[in-house]
Amino acid sequence: MAYSITARWQPANAESQRTDGLRERVSRRRVFPLSWRLSSTIHSVNPYLFSALEQTPELTTALFGRIPAESWDRPTHQDRFTPREVVAHLADWEPILLDRVRLCVESPGATIIPYDEVQMALEHDYASKDPQAEMERFVKARAETILYLKSLRGSDWALSGQHPERGILSVSDLANMLVCHDVYHLHQLSGAAPTP
């Protein structure tokens, strides 16, 4: 069933007026925050973006907390970070993303500098990082990213920069890419956590 995004979820056409009890309860309670309903941003901002960005640190902390200490330094797959390195990587990546967003807003069309994540992991010695300290750094950096993204005007989300490998990336692209990056590493951590 297709839904249109308005102040509340509502069926998109008369044919879909029939609702079951669950759908009716959900649509009565499901109200998007004001920031998601602004007409100037609704086309550019995924209505779940801020919720996803806010939940990642909590999910990362919970998942990492389930991983036994003896598994912190074992990669879940060949050629991937260990759980300890994942947390350090997330803490390092967050300010990089925020800097890229700021660059696009303050200097539209500027070149976004790529970086080698493996080289950064070696230079920053991810393998010996304290996961708790890195998690705290990540949580703080994510809060700064969210605060900055929430301060943007609707038109800012379309501003972009040029990445030499990925092409033109808008602020919206970068913010949504961050959520995808989160999911990638959450999946990786879940592979190291024993099933409850």
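In segment 151-180, which residue that is aliphatic (A, V, I, L, M) and either under 17 Å from Pro114 (Cβ atoms) or assigned to a strand (DSSP E or B) (or both) is nearest to the chain's Cα centre (by Cα)?
Leu178
Would you check if Val87 is among the aliphatic types (A, V, I, L, M) and modelled with pLDDT of 95 or more?
When the stated conditions are applied, Val87 passes them.
Would you say Arg84 is of a type in the set (Lys, Arg) and within 13 Å of the chain's Cα centre (by Cα)?
Judged against the criteria, Arg84 is not a match.
Here is a list of conditions, (1) at pLDDT 95 or above; (2) within 17 Å of Ser172 (Cβ to Cβ); (3) surrounded by fewer than 18 Cβ atoms within 10 Å (Cβ to Cβ), and Ser155 meets all of them except one; can you say which number that is?
Of the numbered conditions (1) at pLDDT 95 or above; (2) within 17 Å of Ser172 (Cβ to Cβ); (3) surrounded by fewer than 18 Cβ atoms within 10 Å (Cβ to Cβ), the odd one out for Ser155 is (1).
Please go through segment 78-87 and give me each residue that is touching a helix residue (DSSP H, G or I) at 6+ places or on another chain (Cβ under 7 Å) and surrounded by fewer than 18 Cβ atoms within 10 Å (Cβ to Cβ), ordered by number.
Arg80
The values are calculated or read from the model by the stated rules, or taken from the named source; none is laboratory data. Just so it is clear, the model here is predicted, and its values are computed rather than measured. Please note: Cβ atoms are built from the backbone with ideal geometry, for glycine as well, and neighbour counts cover all protein chains shown.
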